[in-house]
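Below you'll find the structure, written out as structure tokens, and then a few comments.
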Amino acid sequence: DKPEWVRRLPALGPPQQAEGDEFRKNQLRALQAVDRAIGMIIDALRRTGRLENSIILFTADNGLSWGEHRWLGRKSCPYEECARVPFIVRGPGIPAGRTDPRFVQNIDIAPTFAELAGVRPDGSVDGRSLLALLRGGEVAWRADILTEYWGPPQLTWAAIRTDRWKYVEYENGDRELYDLNADPHEMTNVVTSAQHAPVVTDLRQRLEALRRAGR
């Protein structure tokens, strides 16, 4: 039930699994330096009396698969491991320890900093300022997001993600649909299931609208 590129991936034997484990350990080791650097920045801001007037945003540019779906040490897949990144914000007026399940994207960072600086970006921007969300306010927000990747035809795709569903279209014609409530690890592609045909129709239309809008 998987797309062509997944079906062609070889099974991960013990050597490949050991390689993936070591790769992950090395990444976690490297992150300790990032932890120390962030700690030094926060200490400097506190020491100079600027911490409570500073916004600190921590995120990453992409996720990475450590062998999920036999995709080892790479990004570019439409699955949750590749698509999700940490997004942590600290600053004045932002409640501590609160999480928000709504969709945030990297396109929202620039509008957020623009609002913090009291300026309006020239022209149109794709994202939205996050300040209202960060401060816990009630605000109408996006119900879905568009993700895309360009590469070989079997790895060029566009996907729509809602709070329950993920639908993916590939340039070579492959498609995927996952019910993330029932199947959070995206193991069973239900795109050809008759009972999910209405979901596919709805998500295809919404995906096309998002791509036209460039969001």
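The values are calculated or read from the model by the stated rules, or taken from the named source; none is laboratory data. This one's a predicted model, so the numbers in the text were calculated from it and none came from an experiment. Note: ideal-geometry Cβ built from the backbone for every residue, glycine included; neighbour counts use all protein chains shown. All accessible areas refer to the heavy atoms of the entire protein, side chains included, with ligands and DNA or RNA removed. Shrake-Rupley method; radii C 1.70, N 1.55, O 1.52, S 1.80 Å.
Within segment 121-141, the only residue that satisfies the criterion of being part of a helix (DSSP H, G or I) and without any contact (Cβ under 8 Å) to a residue 12 or more places away in the chain is ALA132. A single entry from ARG36, ARG102 fulfils the requirement of being out of contact with any His (no Cβ under 7 Å at 6 or more places or on another chain) and open to solvent by less than 90 Å² (accessible area, probe 1.4 Å): ARG102. Of the numbered criteria (1) open to solvent by less than 20 Å² (accessible area, probe 1.4 Å); (2) of a type in the set (Lys, Arg); (3) in contact with a Lys or Arg (Cβ under 9 Å, 6 or more places away or on another chain), the one ARG142 fails is (1).
Residue-wise test of (1) within 30 Å of PRO10 (Cα to Cα); (2) in contact with a strand residue (DSSP E or B) (Cβ under 9 Å, 6 or more places away or on another chain); (3) modelled with pLDDT of 90 or more.
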residue: GLU81; (1), (2), (3): yes, yes, yes
residue: PHE87; (1), (2), (3): no, yes, yes
residue: THR99; (1), (2), (3): no, no, yes
residue: THR112; (1), (2), (3): no, yes, yes
residue: LEU116; (1), (2), (3): no, no, yes
residue: ARG120; (1), (2), (3): no, no, no
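Note on segment 122-135: residues that are open to solvent by less than 40 Å² (accessible area, probe 1.4 Å) and out of contact with any strand residue (DSSP E or B) (no Cβ under 8 Å at 6 or more places or on another chain) total 4.
Could you check segment 74-83 and list, in sequence order, the residues that are open to solvent by 30 Å² or more (accessible area, probe 1.4 Å) and touching a helix residue (DSSP H, G or I) at 6+ places or on another chain (Cβ under 9 Å)?
Going through segment 74-83, the residues open to solvent by 30 Å² or more (accessible area, probe 1.4 Å) turn out to be 74-75, 81, 83.
Answer for segment 74-83, where residues must be open to solvent by 30 Å² or more (accessible area, probe 1.4 Å) and touching a helix residue (DSSP H, G or I) at 6+ places or on another chain (Cβ under 9 Å): ARG74, LYS75, GLU81.
Per the listing GLU169, GLU208, GLU186, GLU115, the residue uniquely on the phi > 0 side of the Ramachandran plot and surrounded by 13 or more Cβ atoms within 10 Å (Cβ to Cβ) is GLU186. For segment 39-67, the set of residues classified as open to solvent by less than 60 Å² (accessible area, probe 1.4 Å) and within 30 Å of THR156 (Cβ to Cβ) consists of THR59, ALA60, ASN62, GLY63, LEU64, SER65, GLY67, listed by residue number.
From the list THR147, THR192, which residue is over 30 Å from ILE42 (Cα atoms), surrounded by 16 or more Cβ atoms within 10 Å (Cβ to Cβ) and touching a strand residue (DSSP E or B) at 6+ places or on another chain (Cβ under 9 Å)?
Numbers: THR192 fails: surrounded by 16 or more Cβ atoms within 10 Å (Cβ to Cβ).
The match here is THR147.
Check PRO86, PRO95, PRO3, PRO15 and return the single one that is over 24 Å from the mean Cα position of the chain (by Cα) and either at negative phi or surrounded by fewer than 10 Cβ atoms within 10 Å (Cβ to Cβ) (or both).
Values: PRO86 fails: over 24 Å from the mean Cα position of the chain (by Cα); PRO95 fails: over 24 Å from the mean Cα position of the chain (by Cα); PRO3 fails: over 24 Å from the mean Cα position of the chain (by Cα).
Sole residue among the options that is over 24 Å from the mean Cα position of the chain (by Cα) and either at negative phi or surrounded by fewer than 10 Cβ atoms within 10 Å (Cβ to Cβ) (or both): PRO15.
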